[in-house]
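Quick notes on the structure that follows.
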Amino acid sequence: MIVASHQADLLPYSGFWYKMAKADLFDLKIFDQFVDRGYQRRVKMRGSWASLPVTGKHKYAPICEVRIDPAESPKALAQVIRGRYCGSRNWDKYGPMLVDTILSIQTDRLWHFNVELILLVRDVLGIRTPLSVSVPTEGGGSVGLVSVLKTYGNPTYLSGTGARAYMGDCREFDEAGIPVIWSPHEPVTGDSILSVLMDYDDPMEVVLAEREVATA
């Protein structure tokens, strides 16, 4: 079984969806530490940041504890999306549905809000991979991730290349008997998946795009 894992980010870029499409199970890490300038509450749309306002004290808090204003935060995001994408070729196909969904979500939890949008985009893309919310990690970095993966038995782990910074030589994975494969995804943009939906007639072709692997 192939398992991929990631934080429940805000409308993330195509690499997130590549991993989901290629995995047998996609694990959402909601117990990781929230990063205010990370991707849990913001993402680039048309090359500029779009942020979801959060409330209260959240420094050093886990993602699952971060709150939003259930009325005002969705309105702010919907307004930004209209402004960035209303003239796009596929706006009529996706825009109103997306905005209506955003405004209909009733939660004060950032992670829950993001998961509702992840489920929507998963369905729009036609991805059928089931999602799971992981248990709290036992330790940080690779050690913590291995502790989560072991709850799924002995899977193969599909990782984005950005994780090399803390996964290193994957020693902890090797010791746990968990093979690691690296995503070969080739993004056309670092923007939110919304840019792919709005600009391409076949968004899954973009999501599944892979870079060429050099051969000797």
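Going by the conditions given, is Ala76 of a type in the set (Gly, Ala, Ser), modelled with pLDDT under 95 and either open to solvent by less than 40 Å² (accessible area, probe 1.4 Å) or in contact with a Pro (Cβ under 8 Å, 6 or more places away or on another chain) (or both)?
no
Only residues in segment 169-180 that are more than 11 Å from Tyr157 (Cα to Cα) and among the acidic types (Asp, Glu) count as the first member; pair them with residues that are open to solvent by less than 70 Å² (accessible area, probe 1.4 Å) and modelled with pLDDT under 95, Cβ under 7 angstrom, at least 6 apart or cross-chain, and list the lot.
Going by the 7 Å Cβ cut-off, the qualifying pairs are Glu172/Ser142; Glu172/Val146.
Whether any residue in segment 33-53 is closer than 20 Å to Asp199 by Cβ and under 14 Å from the mean Cα position of the chain (by Cα) is what I want to check.
Yes.
If a residue must be more than 19 Å from the chain's Cα centre (by Cα) and of a type outside the set (Ser, Thr, Tyr), how many such residues does segment 147-166 contain?
4
Does segment 46-69 include one or more residues that are in contact with a Pro (Cβ under 7 Å, 6 or more places away or on another chain), at pLDDT 95 or above and not hydrophobic (A, V, I, L, M, F, W, C)?
Within segment 46-69 (the criterion being in contact with a Pro (Cβ under 7 Å, 6 or more places away or on another chain), at pLDDT 95 or above and not hydrophobic (A, V, I, L, M, F, W, C)), the answer is yes, since at least one residue qualifies.
Output the residues belonging to segment 53-69 that are open to solvent by 70 Å² or more (accessible area, probe 1.4 Å) and of a type outside the set (D, E, K, R).
The one that is open to solvent by 70 Å² or more (accessible area, probe 1.4 Å) and of a type outside the set (D, E, K, R): Tyr60.
If you scan segment 36-52, which residues turn out to be surrounded by fewer than 14 Cβ atoms within 10 Å (Cβ to Cβ) and of a type outside the set (Phe, Trp, Tyr)?
Asp36, Arg37, Gly47, Ser48, listed by residue number.
How many of the residues in segment 17-31 are crowded, with 21+ Cβ neighbours inside 10 Å and either modelled with pLDDT under 95 or touching an Asp or Glu at 6+ places or on another chain (Cβ under 7 Å) (or both)?
2
Can you list residue pairs whose Cβ atoms sit under 7 Å apart, with the first residue in segment 25-49 being more than 20 Å from Val80 (Cβ to Cβ) and among the aromatic types (Phe, Trp, Tyr) and the second being outside any strand (DSSP E or B) and open to solvent by 50 Å² or more (accessible area, probe 1.4 Å)? Count only pairs 6 or more apart in sequence or on different chains.
Phe31/Pro136; Phe31/Thr137
Which one is least open to solvent (accessible area, probe 1.4 Å), of the residues in segment 109-145 that are among the basic types (Lys, Arg) and out of contact with any Cys (no Cβ under 8 Å at 6 or more places or on another chain)?
The selected residue is Arg122.
The values are calculated or read from the model by the stated rules, or taken from the named source; none is laboratory data. From a predicted model like this one, the values you see are computed outputs, not experimental measurements. Cβ: placed from backbone, ideal geometry, glycine included. Neighbour counts: every protein chain shown. Areas reflect the complete protein model, heavy atoms only, side chains present, ligands, DNA and RNA absent. Shrake-Rupley method; radii C 1.70, N 1.55, O 1.52, S 1.80 Å.
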